[in-house]
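Values in this text are rule-based calculations from the coordinates and carry no lab data. This one's a predicted model, so the numbers in the text were calculated from it and none came from an experiment. Here the Cβ positions follow ideal geometry from the backbone for every residue, glycine too, while neighbour counts run over all protein chains shown.
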Amino acid sequence: MIAVANTGHRDIDELTDVASARAWWREASGGVAELDGDDEDVELLRQARSVIRALALRNNGVVTEVDASALAALPLRFSLTDGPGLRAANGASPMRELTARTLAALLRCSAGLGWSRIKACPGPDCGWVFHDRSRNGSRRWCDMAACGNRAKGSAFRARRQDTR
């Protein structure tokens, strides 16, 4: 789930088209499986990514809209093959199957105690989704040296500007 959420970070979007999605999957799966699909399948995977990020931003205290309406085009069925989960309807492309399994992982994760620790970085143009492993669950930034430092520097400059 987090791997799919992090396919578009900063200026790199690994789900721009079918070819880029295949290249990402080849690397992510270690070349074990091929990811076939069409442009519509890639769009569904991007929509799943958007939903995960929006929910993870909410876990980080950011008020955001979650639009899952495009995912209604993905016919799902309940499956007990690998434990309870969701699968794409029979005859679906491997890319739709990946989207279905990603949504199943999202549902399992959101039902667990650690869900509130799945967060998205609120940094501008970042959106990195991470697991907050801090002791008190208060981590806000993906990386304090990058996004956190920029945000704190920007806040400092704004405060300094206001005092002048």
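Debye calculation, C-alpha points only, no solvent: report log10 I(q)/I(0) for the stretch 6-79 at q = 0.20, 0.22, 0.27 Å⁻¹, in the same order as the q values. Calculated log10 I(q)/I(0) at the listed q: -0.98, -1.09, -1.23. Taking the longest Cα principal axis of the chain as reference, the axis of helix 39-59 is set at about 40 degrees.
Divided by 2.2 N^0.38 Å, where N counts the residues, the Cα radius of gyration of the stretch 20-146 comes to 1.13.
Taking only C-alpha pairs under 8 Å that are 6+ residues apart, what is the relative contact order of the stretch 2-161 in percent? Relative contact order comes out at 21 percent.
Only helices enter this figure: runs of n ≥ 4 DSSP H residues, each worth -39500 (n - 2.57), summed and divided by the residues of the chain, yield -13500 deg cm²/dmol at 222 nm to the nearest 500. Placing unit charges on each Cβ (+1 for Lys and Arg, -1 for Asp and Glu) gives the chain a dipole about its Cα centre, and among Ala92, Pro124, Ser29 the Cα reaching farthest toward its positive end belongs to Pro124.
Comparing Arg26, Arg58, Arg135 in a Gaussian network model of the chain where C-alpha atoms under 10 Å apart are linked, the largest mean-square fluctuation is found at Arg135.
In degrees between 0 and 90, to the nearest 10, how far off the longest principal axis of the chain does helix 94-110 point, with axes built from Cα atoms? Once rounded, one gets 50 degrees.
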